[in-house]
Amino acid sequence: MKNEEQAPEATRVDAGIEDGSRATPREPAPHARVFRIETIGRDRHPLNRIARFLLKGLGNLVLLSIVLVLTLRWLDPPASAFMLRHAYNLWRLDQSPPYYHQTWVPWDRISLPARLAAIAGEDQRFPSHRGFDLIEIRIAWADYKNGGRLRGASTITQQAAKNLFLWPGSDWQRKLLEAWFALLMEILWPKERILEVYLNIVQFSPSTYGIGAASVRYFDRPASELTMREASLLIGVLPAPGHYRLDKPSERLERRAAWISDQASRLGGTRYLNRL
């Protein structure tokens, strides 16, 4: 009788286990514990911690660069990396300030001939490319393969990125950063802003940066009144501002200025600026 009375109770317990109402947690299988321990061990490996630290640092730098470029879409930079480097070198030589001359000129106060001369002389596909002139790059590479020297094919955007954020030179690290900043500028800035910043930070002589200071110093007039010839002379020195003299233009500089004026006319004059 006792066995018969206990049987239903045993059945009820089994049923409770089956439907989960009275079930107790099962002990995990041994292989699961081993997998968990091994995973924790790998996460604590020094190389993994270093990799996570580097990835986090890289992510922060990317985010910082995006915020910086986006901010400068509206905020005029007080100086460029090239200006600060110039000032630091003169400071080390115990020279007295001002270390350079620069005056910011807003977009609407830069003469139309100056805007057009910059495009005609430096980057004629500026309105249409996205920071990199692939056509000019292919031409430069073909010339190099045919025995010519390897010349640059930098766009106005790339030059603005280099002058504003980076340093002189041709090392691959700088080229990589230049491409990154140029891409950000093309994405986050309108073309007018890129050209405005470029004309305000580019170096026109050893101690003169920006079209505002250069126009007053060499032509005794504001940038808003620059003629095509004057603007062409200014843009003509940009490949090598340390080798040309705007106060006494050489025959070579005069020829280059004449070529820039001719190219500006071939582009269609100031109407070409409507493509920006």
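Laboratory data are not the source of any read-out in this text; all were calculated from the coordinates shown. On a predicted model such as this, the values are computed, not experimentally measured, just so you know. Quick reminder, even Gly has a Cβ in these numbers, built from the backbone with ideal geometry, and neighbours come from all protein chains shown.
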inquiry  = Quick check on the exposure proxy: order Met83, Met185 from fewest to most C-beta atoms within 10 angstrom.
reply    = Met83, Met185
inquiry  = Taking the Cα centroid of the stretch 247-264 and of the stretch 177-200, what is the distance between the two, rounded to the nearest whole Å?
reply    = 27 Å
query = If you take the square roots of the eigenvalues of the alpha-carbon gyration tensor of the stretch 82-139 and sort them as a ≥ b ≥ c, do you get rounded (a/c under 1.5), prolate (a/b over b/c) or oblate?
reply = oblate
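Quick one: grab the alpha carbon gyration tensor of the stretch 78-275, order the square roots of its eigenvalues as a ≥ b ≥ c, and give me rounded if a/c is under 1.5, else prolate or oblate depending on whether a/b is larger than b/c. Please report the intermediate quantities before stating the final value.
Details: a/c = 1.35, a/b = 1.09, b/c = 1.24.
Rounded shape, in that the Cα axes give a/c under 1.5.
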request  = Along each of the three principal axes of the Cα atoms of the stretch 123-204, give the extent in whole Å, ordering the values from largest to smallest.
outcome  = 38, 27, 25
Residue exposure sequence - Ile211, Ile260 - by fewest surrounding Cβ within 10 Å = Ile260, Ile211
query = Quick one: Karplus J couplings for the stretch 238-254, per residue in order, coefficients 6.51, -1.76, 1.60, θ = phi - 60°, nearest Hz, x for Gly and Pro?
reply = 4, x, 7, x, x, 10, 10, 10, 6, 6, 9, x, 6, 4, 5, 5, 4
remark   = Sorted by chain and then number, the residues having a modelled amide H within less than 5 Å of the amide H of Leu226, at least 5 places away or on another chain, are Ser111
query = Once amide H atoms are built 1.01 Å from N in the peptide plane, which residues 5 or more positions from His101, or in another chain, come under 5 Å H to H?
reply = Thr208, Tyr209
key: the stretch 116-123 - phi-based ³J(HN,Hα) in whole Hz, Karplus 6.51/-1.76/1.60, Gly and Pro as x   = 5, 4, 4, 5, 5, x, 10, 6
ask   = What are the ³J(HN,Hα) values, in whole Hz, obtained from phi via the Karplus relation 6.51 cos²θ - 1.76 cosθ + 1.60 with θ = phi - 60°, for each residue of the stretch 52-63 in sequence order, with x given for Gly and Pro?
value = 5, 5, 5, 5, 5, x, 5, x, 5, 5, 4, 5
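What's the exposure ranking of Tyr198, Tyr218, going from fewest to most Cβ atoms within 10 Å?
Tyr218, Tyr198
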request  = Give, rounded to the nearest 20 debye, the magnitude of the charge dipole that the stretch 78-275 has about its Cα centre when Lys and Arg contribute +1 at Cβ and Asp and Glu contribute -1 at Cβ.
outcome  = 340 debye
query = Under 5 Å between amide H atoms, partner at least 5 residues away or on a different chain: which partners does Ser205 have, H built in plane at 1.01 Å?
reply = none
